[in-house]
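Enquirer: What follows is a single structure, and I will ask about it in a moment.
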Amino acid sequence: MPKMKSHSGAKKRFRVSKSGKVKRNYQNKNHILTKKDSKRKMKLRQGAYLASAQESKTVKSMLQGRR
């Protein structure tokens with residue numbers, strides 16, 4: 001049986017920290033940045049953790065290749 005592949009979209013969007021939390025980036029930081037406030041862009045640079053335990057479990061399984 002072939003190896004299960006990890007979800008390539010999830011690989012680009014999420015990271016798992018040492019403590020096991022799933023970290024994500026904020027949206028709206030890719031283009032049309034001239035009209036956005038500097039304060040807003042600084043806030044978007046910081047990441048955030050997934051709040052839901054169920055979502056974290058789903059993302060971890062996608063990263064490990066078990067679906």
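Enquirer: Any chance you could give the angle, 0 to 90 degrees and rounded to 10, that helix 53-64 forms with the longest Cα principal axis of the chain?
Expert: 70
Enquirer: If you rank V16, V59 by how much accessible surface each has, with a 1.4 Å probe, what is the order from largest down?
Expert: Numbers: V16 75, V59 10 Å².
Reading off the accessible areas and sorting them downward yields V16, V59.
Enquirer: Let me understand the chain better: what is its radius of gyration from the alpha carbons, and its Dmax, in angstrom?
Expert: 14.9, 52
Enquirer: Return the calculated 222 nm mean residue ellipticity for the chain, to the nearest 500 deg cm²/dmol, obtained by summing -39500 (n - 2.57) across DSSP H runs with n ≥ 4 and dividing by the residue count. Intermediate results must be reported in sequence, preceding the final value.
Expert: Numbers: 3 runs with 26 residues, N = 67.
One gets -11000 deg cm²/dmol as the mean residue ellipticity at 222 nm.
Enquirer: What ranking of H31, H7 comes out by heavy-atom accessible area, probe 1.4 Å, highest first? Could the numbers behind the result be given before it?
Expert: Details: H31 125, H7 70 Å².
Largest accessible area first, the residues go H31, H7.
Enquirer: OK, next. Find how much the distance from K41 to A10 grows on full extension, using 0.36 nm per residue of separation minus their present alpha carbon separation; answer in nm with one decimal. Don't skip to the end; give the middle numbers.
Expert: Working: separation 31, 0.36 × 31 = 11.16 nm, distance 2.32 nm.
Difference between extended and current length: 8.8 nm.
Enquirer: Follow-up question, since we're still on this one. Could you tell me which of Q64, G20, S38 has its Cα farthest along the dipole of the chain towards the positive end, charges placed at Cβ (Lys, Arg +1; Asp, Glu -1), taken about the Cα centre?
Expert: S38
Enquirer: Distance check, please: which entries in K3/K36; K36/K57; K5/K39; K29/K60 exceed 32 angstrom between their Cα atoms? Walk me through the numbers on the way to the answer.
Expert: Working: K3/K36 44 Å; K36/K57 34 Å; K5/K39 39 Å; K29/K60 24 Å.
Distance filter (> 32 Å) returns K3/K36; K36/K57; K5/K39.
Enquirer: For K35, what is the net charge nearby, where nearby means another residue's Cβ is under 15 Å from its Cβ and Lys, Arg count +1, Asp, Glu -1? Before the final figure, lay out the partial values.
Expert: Values: positive: K29, K36, K39, R40, K41; negative: D37.
Once all neighbours under 15 Å are counted, the net charge is +4.
The values are calculated or read from the model by the stated rules, or taken from the named source; none is laboratory data. Note that the structure is predicted; figures quoted are calculated from it, not measured. When we count neighbours, we look across all protein chains shown, and the Cβ atoms used for this are built from the backbone with ideal geometry, even at glycine. Ligands, DNA and RNA are stripped out before the accessible areas are found, and what is left, the full protein with its side chains, is counted by its heavy atoms. Shrake-Rupley method; radii C 1.70, N 1.55, O 1.52, S 1.80 Å.
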